[in-house]
Structure formats: C-alpha cells, structure tokens
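Comments concern the structure below.
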Amino acid sequence: MPQTDSTIFKTQGDSGFRQPGTEAPLVPELRPQTRPLLGITFLLLSLLSLTTLDASGKWVMGTGVSLLVLVWFRYLVHIGLVLAVVLPLQGLAVFRARSPRLQCLRATAMLAATLTFFTSLSYLPQAEATAIIFISPLIMLAVAPWILKEPPRTSRWVAAGVGFIGVLLVIRPSAGLPLMGVITGLMTACLFATQHLTTRLVASDHPFTTLVWSGGLGTLALACTLPFILPEAWPTLANLDPLVWLVMLSTGVTGGVGHLLQIQAYRFAPASLLAPFIYLQMTSAATLGWLIWSHFPDATTWVGIAIICASGIVNGLIEWHRGRHPSPSPA
C-alpha cells in the first residue's frame, strides 16, 4: 500500500519539520545524507515492493479470502520479518517506547488504514484507489498548524486544495466508480493523515521501535478476531491453491521488505530530495493494474492523477527551498 509506514522517515530531512518543543532534527542518527543516488534507489525498490503488496492483496481477496484473514497473515509475516532483522541490531530495547499511548494510537490508525485501503482495493482499480489516498499528505500539511503547532503556510493550503481538485476528477460520477470504494478510499486518506501526524508525535522514539509497535499491536489485535472469523473462513482456506497461499504470505514479505528499504532510503538521502519520487508509485500501480486486470485509467482520470502528483511535488519543492532558506514569515 502506498507508503503506509514510510512517513516514519519523512519527518526527517531538511523540510523544516521539527518535533514539537524542540529545535533539533528528528532522529538525526538515521540521516547520513551522503549517498543520495543510493537513497533514491532504495526508495524506488520500496515503492515497487509496496505496490506489489497492494496488487497481491487485491488478487488474493478476489479468490475468496476474507479481508481480516488476509490482513492478519500480512501482519504476522511482516512482524516476523521485521523482528528477525531488528532484534539482532537493537535487542529488546527496541520495544521501549517513550510514548506508549501515542504508539497505540498510531498503530490503531495504521491498522484501520490497512483495512479500509484493502476494502477500497476490492471495489476500485488499483490506480484509482492509490490516487485517492495520495491526498493524505496534503491533508496532513493542512491540519499540521493545529495538531503539531507548526506555522501555517499558504502554500500548503493551496497544495491541499489543488490536490483535492485532482481527487474530484478521479472520483467524478462519470467515472463509474463504486461508491463504497470511493468512501473507503477517502477514509483511508484521513486515516493515513492521522497515522502520519502521530508518527511525528512519537518521533522521539527510534523508528525501529515505531515499526515494531505498529506491526506487533496490529498482529495482536487481528489475532483476537481469529476465533470469530476462522470458523467461516476455514473451508475457503482449506481449499486454497498453493499459489494463493504463496501470494498471501508474500504480502507480509513485500510489506516488511518495503518498509525496511525505506529505512535505508531515508538514511542515505534527505526526505525533501526523495519526496517527488514517491509519486512514481502511481506509475507502478497503473502498470500492475493493466498487467493483471487489463485496467488502464482513462484520460480524465490521468489528468486528476497528474494534478494530485503535481500538487505534492511542487509543495515538496517549496518545503525543500524553505528548509534551505528559512524565513521568519510564513509563505
């Protein structure tokens, strides 16, 4: 899914964002900005991995696997992979959070966003579902002055408004998109914005800690649903082809690998440099949608997608310039 956890590292970089009450860059120990090309390479690989996750989940649900079963397997494999990588590096200290309540809030938002996004994917083509939720960073920027006490910026409001116009083009009535898919897509955008905002609030914790808490709490929460969903889901699971099992388990691998690749990307390059490349995920989403389901967005939808991407890229460039040339007055 589009950058579900990547904003753990977007709060770093030279975009001018700071942890509330401090002037120091967030988690600076993970910001050696010495190999930007390597950072871009890792980011592009992470985008490919996460787009593959989205396509795999949509395909698996099309075989009859229920949403909760799919997401539980996705979380279980993901947290197993993350712990296998993180525990040898950080030890048990990785579980120690300075803000447990905020970590729980962030994990809840992430789980809810995962559920609503996969629901949206079950109704919408992958490119359109991805386009709708790309409004979430702009929502976050628009509400940041109230939540994070950041200075209000006219440029952010303009970017959010222009991006929303792009979303309206994508979800226009003549596009024939199912209403439930559009509603759950917009819900996902709001939940992603909540996830991104709480990510900034827990920035005093190590990014690996945030990754483990989000994956671990989501896995436990979904495990609590198993006694209720397994009796109905078991006949379907018992008759699944090996290929479906393989693809379902791969969602945890592609999700975990995608997030771990992002860690490397934001270690080697600043967030402001990487931000424009994030929108290339739209290209990979449209490509996979065409290859697997023979769906390709029409011209008007592409215009809406282009507007969403342009608003995000231009705003990212403005934030980058503002970070390099700080001004005492809001732009």
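Every read-out reported here was derived from the displayed coordinates using simple, explicitly stated rules and does not represent laboratory data. Please read all numbers here as calculations on a predicted model, not as lab measurements. Virtual Cβ from ideal backbone geometry, glycine too; neighbours counted across all protein chains shown.
Details
- Per residue, the chain reaches -24500 deg cm²/dmol at 222 nm when only DSSP H runs of four or more residues are counted, each adding -39500 (n - 2.57).
- Descending by average beta-carbon neighbour count within 10 Å, the peptides 126-138, 199-211, 243-255 line up as 126-138, 199-211, 243-255, the highest first.
- Its alpha carbons give the chain an Rg and a Dmax of 19.2, 64 Å.
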